[in-house]
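The values are calculated or read from the model by the stated rules, or taken from the named source; none is laboratory data. In this text, all values refer to a predicted model and were calculated from it rather than measured experimentally. We place every Cβ from the backbone using ideal geometry, glycine too, and count neighbours over all the protein chains shown. Just so you know, the surface numbers come from the protein's heavy atoms only, side chains and all, with ligands and any DNA or RNA stripped out. Shrake-Rupley method; radii C 1.70, N 1.55, O 1.52, S 1.80 Å.
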Amino acid sequence: MRFAPLQVAQAAVAFLQIVRDPNKLEKVFELRSSLENPKILDPVIAALKTDPKAASAFRDRPRVGRVDLDALARLPEGTLGHAFARFMRAQNLDPAAIPTLPGRTEYEFVSAHLYETHDIWHVVTGFGTDVAGELGLQAFTLAQLGTPLAYVLLAAGMLGTLFFDRDDGERRMEAITRG
């Protein structure tokens, strides 16, 4: 797998900006875009397709689609939908802010699925949206799927901890370990 020099430079700039300020979501999107290469997810896709349910997802390609927080909030207490609506509102997050990605190829489908379900996994795992929570969720994603972006984001997060926020280091490591 080869990356063009411009892709590498763009990835390096976004990576360093995330190291400096891990709360810049747009830089995470830039980093992901600059590393875009369908071959990068081949091992993840191959592993997923060994599971019959995942293989059917590749065939059917279900998508999360438009999320109506008001409708989800009306679901019974204790349901994932209700908990998701409460989480999104408590964090002041707008599901419409997540870019809609195409899902024509297997690579695009996996990428879109990871984008669309990221905040759902916060609810399922109990990780917050602070830096420690995001690192914990990336560790969880890495353990479950082995996505290359998770490695990169964990590296950026830990370098940021080393250089800019050592006081939060223990909490971040606990979250990564739990993830």
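Can you put L48, L162 in order of accessible area, largest first, using a 1.4 Å probe? Spell out each step's value before the answer.
Details: L48 45, L162 80 Å².
Putting L48, L162 in descending order of accessible area: L162, L48.
Using the heavy atoms of the protein chains alone and a 1.4 angstrom probe, what is the accessible area of region 30-179 per residue in square angstrom?
56
Using DSSP to call loops (not H, G, I, E or B), can you name the chymotrypsin sites (Phe, Trp or Tyr not before Pro) in region 20-107 whose Cβ has at most 13 other Cβ atoms within 10 angstrom? Spell out each step's value before the answer.
Numbers: sites: F29, F58, F84, F87, Y107; in loops: none.
Of the chymotrypsin sites (Phe, Trp or Tyr not before Pro), not one in the loops of region 20-107 has a Cβ with at most 13 other Cβ atoms within 10 Å.
In the chain, once you exclude exposed trypsin sites (Lys or Arg not before Pro) (DSSP loop, at most 16 other Cβ within 10 angstrom), what's the longest stretch remaining? Don't skip to the end; give the middle numbers.
Details: sites that count: R2, K24, K49, R63, R66, R74, R104.
That gives 105-179 as the longest site-free run.
When only C-alpha pairs under 8 Å and at least 6 residues apart count, what is the relative contact order of region 104-179, in percent?
Details: 61 pairs, mean separation 26.7, N = 76.
Worked out over region 104-179, it gives 35 percent.
Counting other Cβ atoms within 10 Å of each Cβ, which GluC sites (Glu not before Pro) in region 55-130 have at most 16 and sit in a DSSP loop? Present the calculation step by step, with values, prior to reporting the outcome.
Details: sites: E77, E106, E108, E116; in loops: E77.
Passing both the DSSP loop test and the Cβ count: E77.
Solvent-accessible area of V13, probe 1.4 Å, all protein chains present, reported in Å² to the nearest ten, please.
80
If you find the alpha carbon centre of region 42-96 and of region 139-177, how far apart are they in angstrom?
A separation of 23 Å, based on Cα centres.
Could you sort F140, F109 by accessible area so the largest value comes first, with the probe set to 1.4 Å?
Values: F140 45, F109 15 Å².
Ranking F140, F109 by accessible area, largest first, yields F140, F109.
Can you give the charge dipole size of region 33-133 about its Cα centre, rounded to the nearest 20 debye, using +1 on the beta carbon of Lys and Arg and -1 on the beta carbon of Asp and Glu? Intermediate values should be presented prior to the final figure.
Values: 11 positive and 13 negative charges, 52 e Å.
About 260 debye.
Given the -39500 (n - 2.57) contribution per DSSP H run of 4+ residues, what per-residue ellipticity at 222 nm results for the chain, rounded to the nearest 500 deg cm²/dmol? If you can, show how the numbers build up before the last one.
Details: 10 runs with 120 residues, N = 179.
Result for the chain, helices only: -21000 deg cm²/dmol.
Quote the accessible area belonging to D94 in square angstrom, nearest 10, computed with a 1.4 Å probe and with ligands, DNA and RNA left uncounted.
Its heavy atoms expose roughly 90 Å² to the probe.
How high is the relative contact order of the chain, in percent, counting Cα pairs under 8 Å that sit 6 or more residues apart? Don't skip to the answer; put the middle values down first.
Numbers: 183 pairs, mean separation 41.6, N = 179.
Over the chain, the number comes to 23 percent.
Under unit Cβ charges (Lys, Arg +1; Asp, Glu -1), what dipole magnitude, rounded to 20 debye, does the chain have relative to its Cα centre? Working shown, then result.
Working: 20 positive and 22 negative charges, 88 e Å.
For this selection, approximately 420 debye.
At a Cα cut-off below 13 Å, give the aspartates and glutamates reachable from K24, other chains included and same-chain residues fewer than 8 away excluded.
K24 reaches D130, E134.
Taking a temperature of 4 °C and a viscosity of 1.567 mPa s, what whole-number D in µm²/s does Stokes-Einstein yield for region 55-179 with Rh from Kirkwood over alpha carbon pairs? List each step's numbers first, then the result.
On the way: Rh = 15.8 Å.
For the chosen part, D equals 82 µm²/s.
Most mobile of T161, T100, T129 per a Gaussian network model of the chain (Cα springs, under 10 Å)?
Ranking T161, T100, T129 by mean-square fluctuation puts T100 first.
So, with +1 on the Cβ of K and R and -1 on the Cβ of D and E, and no other charges, what is the size of the charge dipole of region 94-148 about its Cα centre, to the nearest 20 debye? Show your work: numbers first, answer last.
Values: 1 positive and 7 negative charges, 27 e Å.
Its charge dipole is roughly 140 debye.
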